[in-house]
Amino acid sequence: MHSRELQETEYHSYYSNYILALDETELLEAFKNTEAELLDFIRNLPEDRLLYRYAEGKWTVAEVLQHIVDTERIFAYRALCFARNDKTDLPGFEQDDYVPYSNANNRTKEELMVDLKAARLNSVSLFHTFTREMLMRSGTVSGNQLSVRAIGFIISGHLKHHLRILNERYL
């Protein structure tokens, strides 16, 4: 499944920047490449930068990393529901409400890396099992249509989006 096959009707325009951040790529390659990019970033990050925030009220590096993991897990659940033809209208989630309860600022770089790898392994394993028909299925999140294959690209594009922000504003 390739990103150029996605139709704009498969996702809300809010997600366009995430999908465009990937350029043109194959779905499982996007998972592999963005994971490698983020793990490389974390490995090269000094431990004392985990609690850095570039402005008052902004998330710390650790909170951004935990947000990436939390978001991946939520989107993977959505993909599973839609691939299994669950017609339940799924709710959105308020990312700013998750962060204060994530305990991210009490985690080590290694713990965050393990969590990221676990979430990504789950996503790759899940998407690897999806047939073409399953990838084409869609469901509703907060009243908007979202296809399974779009979710896969959104997961990787979201990671890439935040990696760009980390490099631009946090380093």
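We did not get these values from a lab; they are worked out from the coordinates using the rules stated. Since the model is a prediction, treat every value here as computed from it, not as a measurement. Every residue, glycine as well, gets a Cβ built from its backbone with ideal geometry; the counts of neighbours run over all protein chains shown.
Each Lys and Arg Cβ is given +1 and each Asp and Glu Cβ -1; about its Cα centre, region 1-117 then shows a dipole of about 220 debye. Specify which residue in the list HIS162, VAL64, LEU126 is farthest towards the positive end of the charge dipole of region 3-170, using unit charges on the beta carbon of Lys, Arg (+1) and Asp, Glu (-1), about the Cα centre. My answer, from the dipole projection, is LEU126. Express in whole angstrom the spacing between the alpha-carbon centres of region 66-84 and region 143-171. Computed from Cα coordinates, the inter-centre distance equals 12 Å. Taking a straight Cα-Cα cut-off under 29 Å and skipping sequence neighbours fewer than 8 places away in the same chain, the lysines within cross-link reach of LYS58 are LYS32, LYS109, LYS117, LYS160.
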